[in-house]
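Presented below is the structure to which this report refers.
We did not get these values from a lab; they are worked out from the coordinates using the rules stated. Because the structure is a prediction, the values reported are computed rather than measured. Cβ coordinates were reconstructed from backbone atoms using ideal geometry, including for glycine residues, and neighbour counts include every protein chain displayed.
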Amino acid sequence: MNHQTETKNDLRNLNIRLFRNLAPDYLQNLSGLLSHKTFPAGVTLMTPEQPGEAVYFILSGTVKVHIDQEDGSQVIVAILGPGEIVGEMSALGQTIRSVSVVTMRSCRVLRMDLETFQSCLLKSPELTYNLACALAEQLRHANEKIETLATFRSSFGGGGDSMSLSRRAVSWADSLRIDGNKGDP
């Protein structure tokens, strides 16, 4: 893999969702368990069927989470940017990856090996709560996408509200937009 490793970790001023509301001394302890890495655009961080070995906290840049189809097309699951985490599903009992993750832009990340991440979750209720909140948000977005697809289908079958479909499509597009919230500043 083509990447650079940096060594200094100061988590206090980073806007990483999973680290919100954690005590400063706990953040200091966590910092010693993380390594900085920089990846150029186009680097594959994870592939399906690959064993989960690490989680990545995105500091800058953008990654695409997708599933490759047999016909060569891709289903984009998410576009993630600064403050978000990728690879967390492997820490929760899913032993192999289910998606591909590729950098869309140069990315700076914090990497934590999977066993260390699992240990941190067991020791910190606050960290575990933050992860549960992040997963709940992902589930909410997935539900919105499913509802949009169901509405889209029913509108072609003679039913459905086209205004409702339009609102959902715009909301879904907004969630995937690469801007100040999801991409490089």
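Worth a mention:
- Evaluating Arg105 against the criteria (1) among the basic types (Lys, Arg); (2) part of a loop (DSSP other than H, G, I, E, B); (3) in contact with a Leu (Cβ under 8 Å, 6 or more places away or on another chain) leaves one unmet condition, (3).
- Filter result (of a type in the set (D, E, K, R) and either in a loop (DSSP other than H, G, I, E, B) or free of Cβ contacts under 8 Å to residues at least 12 places away in the same chain (or both)) within the stretch 8-21: Lys8, Asp10, Arg12, Arg20
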